[in-house]
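Chemist: Below: one structure in structure tokens.
The values are calculated or read from the model by the stated rules, or taken from the named source; none is laboratory data. These numbers come from a predicted model, not from an experiment. Neighbour counts run over all protein chains shown; Cβ positions are idealised from the backbone, glycine included. Just so you know, the surface numbers come from the protein's heavy atoms only, side chains and all, with ligands and any DNA or RNA stripped out. Shrake-Rupley method; radii C 1.70, N 1.55, O 1.52, S 1.80 Å.
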Amino acid sequence: MTTAILALLLFCIMIFPHELGHFLAAKRMGVKVNEFSFGMGPAIWKKQGEETLYSIRLFPIGGYCAMEGEDEETDNPRAFSKAKWWKRFIILVAGAAMNFIVGVLLFFIVFSNYKILDTPVFTKAEAGCTVFREDGIHIGDRLLEINGERVYVSDDFSMLMSLSDDTPDIVVERDGKKLYFDDYKMEKHRFGEETYDRYGFSFGTEENTIGNRVGYTWNYSIDMIRSVRLSLKMLF
């Protein structure tokens, strides 16, 4: 039962803001909106605005934005189908943009419960770790890129290395300057009595201040979009 309720809430979080994005953009672009509804099914509340009917419907599963001329022929000059192409484009993209904004806000709220935030800064190294060298990466360097893909959060290291061989192109930041290491040897070793190989270093953390959380939330959100792109690339 709890899972069903959570799934329903997630569906609403995804669909309603999406339709709200279309609605706000349509209003801004001068396109007539006949009805804007929260939920689906029979209406349990309606209010006629100046030109738009606002409604709440029985089943709280998303909503919809019904624009003039969206699905039917009409002579109304303010119809969606008669709007300039760039206005139609903005209206269509606004739905996905609103989903992104809501996602960022939700991540920010979730991360407010964290005491510390991970950072892709090399910190501790165990005896036998070969990642750090005098002419290579140093402890304290911030990892920026692996094979041309930006490292947004420290978890990106494992994901990007899984798509690479053990000699990736690495970019780090040290004292405000970018350093480039092509074909950098990244070796895994077995440490102590462990039964699996690893690199033998740790990434750092930072205090969860408002400023740090804003930056972390943004990077994490962009990272989610990049993960979708990489997944589609691997699929095809």
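Chemist: Inspect the range 65-84 for any residue being open to solvent by 50 Å² or more (accessible area, probe 1.4 Å), at pLDDT below 95, assigned to a strand (DSSP E or B) and under 30 Å from residue 222 (Cβ atoms) and give the result as yes or no.
Modeler: No, because not a single residue in the range 65-84 is open to solvent by 50 Å² or more (accessible area, probe 1.4 Å), at pLDDT below 95, assigned to a strand (DSSP E or B) and under 30 Å from residue 222 (Cβ atoms).
Chemist: Against the definition (farther than 30 Å from residue 34 by Cα, part of a loop (DSSP other than H, G, I, E, B) and open to solvent by less than 70 Å² (accessible area, probe 1.4 Å)), how does residue 128 come out, yes or no? Please lay out each step first, then the result.
Modeler: Details: farther than 30 Å from residue 34 by Cα: yes; part of a loop (DSSP other than H, G, I, E, B): yes; open to solvent by less than 70 Å² (accessible area, probe 1.4 Å): yes.
Here the answer is yes, as residue 128 does meet what is asked.
Chemist: Tally time: how many residues in the range 190-202 are touching an Asp or Glu at 6+ places or on another chain (Cβ under 6 Å) and surrounded by 15 or more Cβ atoms within 10 Å (Cβ to Cβ)?
Modeler: Keep residues of the range 190-202 that are touching an Asp or Glu at 6+ places or on another chain (Cβ under 6 Å), which gives 190-191, 200.
Narrowing the set further to residues that are surrounded by 15 or more Cβ atoms within 10 Å (Cβ to Cβ) leaves 191, 200.
Total meeting the criteria: 2.
Chemist: Take the range 165-180 and flag every residue that is open to solvent by less than 30 Å² (accessible area, probe 1.4 Å) and either more than 17 Å from residue 203 (Cβ to Cβ) or of a type in the set (A, V, I, L, M) (or both). Can you show your working first?
Modeler: In the first step, residues of the range 165-180 are kept if they are open to solvent by less than 30 Å² (accessible area, probe 1.4 Å); the result is 168, 170-172.
170, 171, 172, listed by residue number.
Chemist: Based on this model, can you work out whether residue 150 counts as basic (Lys, Arg), touching an Asp or Glu at 6+ places or on another chain (Cβ under 9 Å) and surrounded by fewer than 15 Cβ atoms within 10 Å (Cβ to Cβ)?
Modeler: Values: basic (Lys, Arg): yes; touching an Asp or Glu at 6+ places or on another chain (Cβ under 9 Å): yes; surrounded by fewer than 15 Cβ atoms within 10 Å (Cβ to Cβ): no.
No.
Chemist: Might you check whether a residue that is assigned to a strand (DSSP E or B), open to solvent by 50 Å² or more (accessible area, probe 1.4 Å) and in contact with an Asp or Glu (Cβ under 8 Å, 6 or more places away or on another chain) occurs anywhere in the range 42-58?
Modeler: Step one: filter the range 42-58 for residues assigned to a strand (DSSP E or B), giving 42-48, 53-58.
Filter once more, so that each one left must be open to solvent by 50 Å² or more (accessible area, probe 1.4 Å): 42, 44-48, 54, 56, 58.
With the extra rule that they be in contact with an Asp or Glu (Cβ under 8 Å, 6 or more places away or on another chain), the set shrinks to 54.
Yes, that holds for at least one residue.
Residue-wise test of (1) in a loop (DSSP other than H, G, I, E, B); (2) modelled with pLDDT of 90 or more.
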position	(1), (2)
154	yes, yes
168	yes, yes
171	no, yes
179	no, yes
184	yes, yes
192	yes, no
195	yes, no
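Chemist: Ok, one more. If you scan the range 14-27, which residues turn out to be surrounded by fewer than 20 Cβ atoms within 10 Å (Cβ to Cβ) and over 13 Å from residue 67 (Cβ atoms)?
Modeler: If the condition is that a residue be surrounded by fewer than 20 Cβ atoms within 10 Å (Cβ to Cβ) and over 13 Å from residue 67 (Cβ atoms), then 14, 15, 20 are the ones that fit.
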